[in-house]
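Engineer: This structure is in structure tokens; I'll ask about it shortly.
The values are calculated or read from the model by the stated rules, or taken from the named source; none is laboratory data. Everything numeric in this text was worked out from a predicted model, so none of it was measured. Methodologically, a virtual Cβ is constructed for each residue, glycine included, from the backbone with ideal geometry; neighbour enumeration extends over all protein chains shown. Each accessible area value is taken on the protein alone, full model and side chains, heavy atoms only, with ligands, DNA and RNA left out. Shrake-Rupley method; radii C 1.70, N 1.55, O 1.52, S 1.80 Å.
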Amino acid sequence: MHQALLLVVAIAAIYVSRYYSPLLAALGFAIIGFLASDALIPRVSQSFIKIGCFGKDLSKPGRPVIPESIGAISATVYLFIMFFYIPFLFYKYLVVITPGGGHRDASIMQSPVSDEYRFPHGKMSEYLSAVLCLQSTVLLGIADDLFDLRWRHKFFLPAVAAIPLLVVYYVDFGVTHVLIPDVIQRWLGTSKTIFNLGALYYVYMASMAIFCPNSINILAGVNGLEVGQSIVLGVIFLINDSLYLLLGNEASKEAHLFSAILIIPFLGVAFSLWKWNKWPAKVFVGDTFCYFAGMIFSVVGILGHFSKTTLIFFIPQTFNFAYSCPQLFGLVPCPRHRMPRFNEADGLLYPSRANLVEKPPKKVFVPVLKLLSSLKLIDLEVDPQTGALKSCSNMTLINLVLVWFGPTREDKLCNRILAIQFTVGLCAIVARHSIGSIIFGHDNIQFL
Ligand code: UD1
Ligand code: MG
């Protein structure tokens with residue numbers, strides 16, 4: 001019953017969108033995405049188990065087996081939605097009368113839509129490159145889930161997936177310069193406002209494409225966290241987009257309309273996945289979803305030319321990434337799973353630990369470990385007699401929250417991390433439009 005009502009609302013929003021704003025259609029497609037993904041997940045999950053796509057829920061008594069890579073369903077639904085969205089986004093520019101024979105030149109472009117409804121046709125190639133890039137991300141994500149690739153190989157997969165985006169960017173737009181902040185201009189005594197990065201700009205875009213998906217994938221291991229953090233990021237991005245759409249100048253409005261158009265339908269499919277992945281999880285999202293979600297944010301950041309803002313919205317993930325580096329780069333031993341340790345006796349999660357006796361940390365890093373311990377940034381176990389290091393908590397934001405706040409039930413831990421992420425995100429928006437405008441000397445939005 002609820003579903004039928006939602007479907008009617010979605011169809012109505014899509015239908016009237018042509019007279020108002022493509023954002024209404026985005027909302028309609030988000031609802032359809034939610035309904036489709038929500039209906040498909042329980043129906044196909046068992047088939048995933050049949051072909052061996054399953055994982056053990058390590059933080060539950062008896063470690064039950066549940067389907068894995070279910071994020072692939074939501075991601076596929078999203079891709080189809082984005083194809084169906086095209087006529088509603090670019091309708092004004094569709095050729096409706098032609099002289100025939102496949103000629104477009106003498107054609108008449110007719111539009112039933114109001115002048116308010118504008119989405120530049122040139123954006124269509126960007127849109128298609130974004131969807132193509134997400135499609136290759138899903139493809140490579142599924143390969144990772146099926147073959148359980150090694151970390152050092154899968155780390156670079158998103159850069160391969162981003163090739164369609166980079167190539168279309170090259171032929172379609174090709175702008176490779178960045179703004180020089182006012183402070184640096186003054187410091188260098190130059191009047192140049194832009195700096196051309198040339199080929200390095202593509203390296204920088206590829207790095208964004210590597211960073212966002214991987215940083216979501218390693219902030220994981222608690223039911224609901226992968227998809228929960230993606231929803232929080234989506235909401236933060238949308239709040240920022242709304243500020244630009246309401247108060248920004250024309251150029252920034254276009255970039256943020258594009259961002260909202262990609263993110264709103266994403267939130268629809270992500271909510272359906274959250275319903276099934278939240279504690280106690282009935283499905284796992286898989287690496288496919290982590291890569292896919294991360295790639296959406298890097299795509300909007302790259303194409304909207306607000307990658308620096310994207311990075312400040314990723315502060316919790318960036319912190320987790322930087323904090324993980326000693327383990328990722330082998331200075332401290334890194335077990336296959338760094339998720340918290342589940343204690344069956346009280347049903348709570350405790351920080352998981354790296355054994356420093358079996359595999360001692362690199363000598364140069366020992367003083368750093370001691371410093372981190374004195375700053376309460378890790379929990380270090382030292383032999384009281386010999387002073388030798390015995391173990392330390394694994395270096396993830398999840399474990400750090402447990403070190404700071406004590407053992408917690410899984411759902412509470414997930415909610416706590418999401419609340420921290422949301423608060424940091426809100427502060428990042430405020431900082432972006434206050435400190436950001438001081439550094440760059442201007443902001444693209446004018447507060448009334
Ligand atoms: C990343 C992390 C790893 C963490 C894992 C959890 C790094 C370098 N890698 O690895 O430390 O343990 O994510 O996803 O930081 N699982 C649960 N409960 C959950 C989510 C996952 O028990 O809520 C377990 C399941 O057994 C599932 C497996 O984790 O099968 C999935 O792990 P996978 O996504 O393949 O791990 P990575 O992304 O390689
Ligand atoms: Mg993973």
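Engineer: Could you work out how much longer the chain between residue 275 and residue 336 gets when fully extended? Use 0.36 nm per residue separation minus the Cα distance between them, nm to one decimal.
Structural biologist: Difference between extended and current length: 19.2 nm.
Engineer: Pull up the cross-link candidates among the aspartates and glutamates for residue 390, meaning alpha carbon to alpha carbon under 19 Å and not fewer than 8 places away within one chain.
Structural biologist: Answer for residue 390, where 19 Å is the Cα cut-off: 358, 379, 381, listed by chain and number.
Engineer: May I ask you to rank 244, 350 by accessible area, largest first, using a 1.4 Å probe over the protein chains only?
Structural biologist: 350, 244
Engineer: Could the peptides 78-85, 267-274 be put in order, highest first, of the mean number of other beta-carbon atoms found within 10 Å of their residues?
Structural biologist: Packing order, densest peptide first, comes out as 267-274, 78-85.
Engineer: Related question: Tell me which residues come under 5 Å, amide H to amide H, from residue 391 once H is placed; ignore anything under 5 positions away on its chain.
Structural biologist: Hits under the 5 Å cutoff: 356, 381.
Engineer: A follow-up question, please. Mind listing the long-range amide H neighbours of residue 63? Cut-off is under 5 Å, sequence gap 5 or more, other chains count too, H placed in the peptide plane at 1.01 Å from N.
Structural biologist: When sequence neighbours closer than 5 places are left aside, there are no close amide H contacts.
Engineer: Let me ask another. Could you tell me what fraction of 2.2 N^0.38 Å the Cα radius of gyration of the range 330-408 comes to, as a two-decimal ratio?
Structural biologist: 1.09
Engineer: Once fully extended, how much extra length lies between residue 152 and residue 412, figured as 0.36 nm per residue of separation less the alpha-carbon to alpha-carbon distance?
Structural biologist: 90.4 nm
Engineer: Hey, another quick one. Please give the FRET efficiency for residue 329 paired with residue 377, using the beta carbon to beta carbon distance and R0 = 22 Å, rounded to the nearest 0.05.
Structural biologist: Computed FRET efficiency for residue 329 and residue 377: 0.80.
Engineer: HN-Hα J couplings of the range 33-40 from phi, Karplus 6.51/-1.76/1.60, θ = phi - 60°, integer Hz, Gly and Pro as x?
Structural biologist: Using θ = phi - 60°, the values come out as x, 4, 5, 5, 5, 5, 6, 6 Hz.
Engineer: Given a Förster distance of 60 Å, report the FRET efficiency between residue 90 and residue 403 from their Cβ-Cβ distance, rounded to the nearest 0.05.
Structural biologist: So the FRET efficiency works out to roughly 0.75.
Engineer: Let me check something: with ligands and nucleic acids excluded, how do 57, 411 order by accessible area (1.4 Å probe), largest to smallest?
Structural biologist: Heavy-atom accessible area, descending, gives 411, 57.
Engineer: Now for a separate question. How do 286-295, 363-372 rank on mean C-beta neighbours within 10 Å, highest first?
Structural biologist: Per-residue mean Cβ counts within 10 Å order the peptides as 286-295, 363-372.
Engineer: Plugging the Kirkwood radius over Cα pairs into Stokes-Einstein for the chain, at a temperature of 25 °C and a viscosity of 0.890 mPa s, what D comes out in µm²/s?
Structural biologist: 103
Engineer: Here's another thing I want to ask about it. Enumerate the calculated ³J(HN,Hα) couplings along the range 11-21 in order (Karplus 6.51 cos²θ - 1.76 cosθ + 1.60, θ = phi - 60°), each rounded to whole Hz, writing x wherever the residue is Gly or Pro.
Structural biologist: 5, 4, 4, 5, 5, 7, 4, 5, 8, 10, 8
Engineer: Can I ask one more? Give a quick list of trypsin sites (Lys or Arg not before Pro) in the range 247-352 that DSSP marks as loop, anything other than H, G, I, E or B, with at most 10 other Cβ atoms within 10 Å.
Structural biologist: Qualifying residues, ordered by number: 336.
Engineer: Which angle between 0 and 90 degrees, to the nearest 10, do you get for helix 286-303 versus the longest principal axis of the chain when only C-alpha atoms count?
Structural biologist: On a 0 to 90 degree scale, this one is about 50.
Engineer: Taking amide hydrogens as modeled 1.01 Å from N in the peptide plane, which residues meet the under 5 Å criterion relative to residue 409, leaving out close sequence neighbours?
Structural biologist: HN-HN under 5 Å from residue 409: 349.
Engineer: Mind grabbing the accessible area of residue 389 for me, 1.4 Å probe, Å², rounded to tens?
Structural biologist: We get 30 Å² for residue 389.
Engineer: Using 1/(1 + (r/R0)^6) with R0 = 35 angstrom and r between the beta carbons of residue 249 and residue 83, what's the FRET efficiency to the nearest 0.05?
Structural biologist: 0.65
Engineer: Can I ask one more? Can you tally the net charge around residue 75? Count Lys and Arg as +1, Asp and Glu as -1, for every other residue whose Cβ sits under 12 Å from the Cβ of residue 75.
Structural biologist: -2
Engineer: OK, next. Does a label point 7 Å from the Cα of residue 430, set along Cα-to-beta-carbon, have any residues of the range 303-328 with amide nitrogen under 20 Å, and which are they?
Structural biologist: Output list for this probe position: 309-317.
Engineer: Ranking request for peptides 421-427, 133-139: highest mean number of other beta-carbon atoms within 10 Å first, then the rest in descending order.
Structural biologist: Top of the packing list down: 133-139, 421-427.
Engineer: For the chain, which span is the longest to avoid every loop-located (per DSSP) member of GluC sites (Glu not before Pro) having at most 15 other Cβ atoms inside 10 Å?
Structural biologist: Result for the longest clean stretch: 117-343.
Engineer: Can I ask one more? Simple spin-label model, 7 Å along Cα-to-Cβ: residue 125 to residue 322 in nm?
Structural biologist: 3.8
Engineer: Also: Just in the range 159-193: which chymotrypsin sites (Phe, Trp or Tyr not before Pro) are loop by DSSP and have at most 15 other Cβ atoms within 10 Å?
Structural biologist: The qualifying sites are 173.
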